[in-house]
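Note sheet for the following structure.
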Amino acid sequence: MSIYMEIQARQVVMDGWIMPSVSPRHFEVRMVGGNSFDPQSIEIHAGDTITWINNDENSVHTATSNDGTTFDTKNVASLAYSKRIKFTTAGTIDYHCEIHKIMMTGKVVVMP
Ligand SMILES: [Cu+2]
């Protein structure tokens, strides 16, 4: 999708119209050394998917929603990746790594 189309689609949402259908997109979030998610915050749209990729050679990590129910990659081994997780409901989902707790947190913002 071009940047112009993206802006146009968001404008439609803001004006209260039904957003034109767009192909679901796939995103990647990296788990990196120093216990952080890159990007730390990611903005997607409902229907999109994310895979978490563990680029940290020294540790297993998880991406687990703070509410404990929305999503959980479970353990992702070093240099491995999670299954694709699909986000269907708009909202902000704060998440963390179950191993590093508050030292390793991230956010998924799901737009309509
Ligand atoms: Cu971790």
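Per-structure values
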quantity	calculated
Subset of the stretch 53-72 that is within 14 Å of V108 (Cα to Cα) and assigned to a strand (DSSP E or B) - its residue that is nearest to the ligand (Cβ to nearest atom)	T64
Residue match in the stretch 40-52 (condition: within 16 Å of the ligand (Cβ to nearest atom), among the acidic types (D, E) and surrounded by 15 or more Cβ atoms within 10 Å (Cβ to Cβ))	no
The stretch 85-97, residues that are farther than 21 Å from E57 by Cα and not aliphatic (A, V, I, L, M)	K86, F87, T88, T89, G91, T92, D94, Y95
Members of the stretch 80-110 found to be touching a His at 6+ places or on another chain (Cβ under 9 Å), without any contact (Cβ under 8 Å) to a residue 60 or more places away in the chain and of a type in the set (G, A, S), listed by number	A90
Identity of the residue in the stretch 73-112, in a strand (DSSP E or B) and of a type in the set (S, T, Y), that ends up nearest to H26 (Cα to Cα)	Y81
Within the stretch 79-101, considering residues that are more than 13 Å from the chain's Cα centre (by Cα) and more than 11 Å from the ligand (Cβ to nearest atom), the one surrounded by the most Cβ atoms within 10 Å (Cβ to Cβ)	Y81
Hits in the stretch 102-112 - residues which are of a type in the set (A, V, I, L, M, F, W, C) and more than 8 Å from the ligand (Cβ to nearest atom)	I102, V108, V109, V110, M111
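Computed from the coordinates by the stated procedures, all read-outs in this text should not be read as laboratory data. Fair warning: this is a prediction, and the values are worked out from it, not measured in the lab. No Cβ is skipped: glycine too gets one built from the backbone with ideal geometry, and neighbour counts run over all protein chains shown.
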